[in-house]
1. Which whole-Hz ³J(HN,Hα) couplings does region 117-123 yield from phi under the Karplus relation 6.51 cos²θ - 1.76 cosθ + 1.60, θ = phi - 60°, glycine and proline marked x?
2. Please build a GNM for the chain, connecting alpha carbons under 10 Å apart, and tell me which residue among T166, T131, T57 fluctuates the most.
3. Please give the helix 21-32 orientation as an angle from the longest Cα principal axis of the chain, in degrees from 0 to 90, rounded to the nearest 10.
4. Once R0 is set to 22 Å, what does the formula 1/(1 + (r/R0)^6) return for the Cβ-Cβ distance between W86 and N45, expressed as a FRET efficiency to the nearest 0.05?
5. Got the relative contact order for region 1-109 handy, in percent, Cα pairs under 8 Å and 6 or more residues apart?
6. Along each of its three principal axes, how wide is the spread of alpha-carbon positions in the chain, in whole angstrom units, largest first?
7. How much length would be gained if the chain were fully extended between Q165 and D108, taking 0.36 nm per residue of separation minus their Cα-Cα distance, in nm to one decimal?
8. Which value in nm describes the separation of the simple spin-label points at Q148 and R175, placed 7 Å from the Cα toward the beta carbon?
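The values are calculated or read from the model by the stated rules, or taken from the named source; none is laboratory data. Quick caveat, the model's predicted, so the values are computed rather than measured. All Cβ positions, glycine included, derive from the backbone under ideal geometry; neighbour counts span all protein chains shown. Heavy atoms of the whole protein, side chains included, go into the accessibility calculation; ligands, DNA and RNA do not. Shrake-Rupley method; radii C 1.70, N 1.55, O 1.52, S 1.80 Å.
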Amino acid sequence: MNSKNERLFFALALDQPAENRQAFRQLCHFSSQLPEGGRRVPNRNLHLTLAFLGQVTLEQKSLLIKLTEQISVNSFTIHCSLLRYWKRSKILWLGSEEAPPQLYLLADELKSAAQAVGLEQDERDYIPHITLKKQFPRRPDPMPQSPQLSFHFQHFGLYISEPCQTTHGSGVQYRCLQQWPLR
């Protein structure tokens with residue numbers, strides 16, 4: 001058995017399909033205008049996480065891909081307009097007042113697939129969000145006015161988090177390993 005581990009997660013790309021590109025540009029601009037402090041998530045890494053998998057062996061990855069190929073969920077649109085702060089994890093994030101049921105179904109299916117291959121999953125309820133800043137020291141006061149952005153999703157993907165060098169030192173980049181269509 002090959003025990004090489006990869007740090008993986010399932011996510012929705014925000015800049016695909018083409019109809020999302022204007023909203024993605026607005027999101028990048030909004031993110032660049034947020035208050036100082038913390039670490040801004042680079043534009044190329046902005047995404048909506050479906051399921052964090054953590055360290056995954058090649059065997060688990062292979063089984064996970066087979067299970068994922070059986071998932072069938074309709075495409076959907078999410079409207080994001082809520083800027084929030086999580087004190088515990090110190091992140092600023094953008095979310096939705098009411099996410100579509102297909103999003104929750106997809107996240108649940110992926111969580112079940114991860115558990116089926118032996119990957120521990122968070123027991124907390126899934127909260128769809130786009131992380132904009134990490135290690136943010138405290139909730140901004142006043143909280144900036146967030147834009148009204150809509151993203152339509154026709155695919156979801158399996159992503160790897162890879163170490164990289166940036167102008168600010170070491171960081172990570174996310175690369176899509178495989179995509180699956182939504183109906």
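1. 9, x, 9, 5, 10, 4, 7
2. Judging by the Gaussian network model, the answer is T166.
3. The helix 21-32 is inclined about 60 degrees to the chain.
4. Numbers: r = 18 Å, r/R0 = 0.81.
E(calc), rounded to 0.05, equals 0.80.
5. Values: 106 pairs, mean separation 31.6, N = 109.
Worked out over region 1-109, it gives 29 percent.
6. Each principal axis gives a Cα extent; for the chain these are 51, 37, 31 Å.
7. Values: separation 57, 0.36 × 57 = 20.52 nm, distance 3.40 nm.
Separation in residues times 0.36 nm, less the Cα-Cα distance, equals 17.1 nm.
8. 4.0 nm
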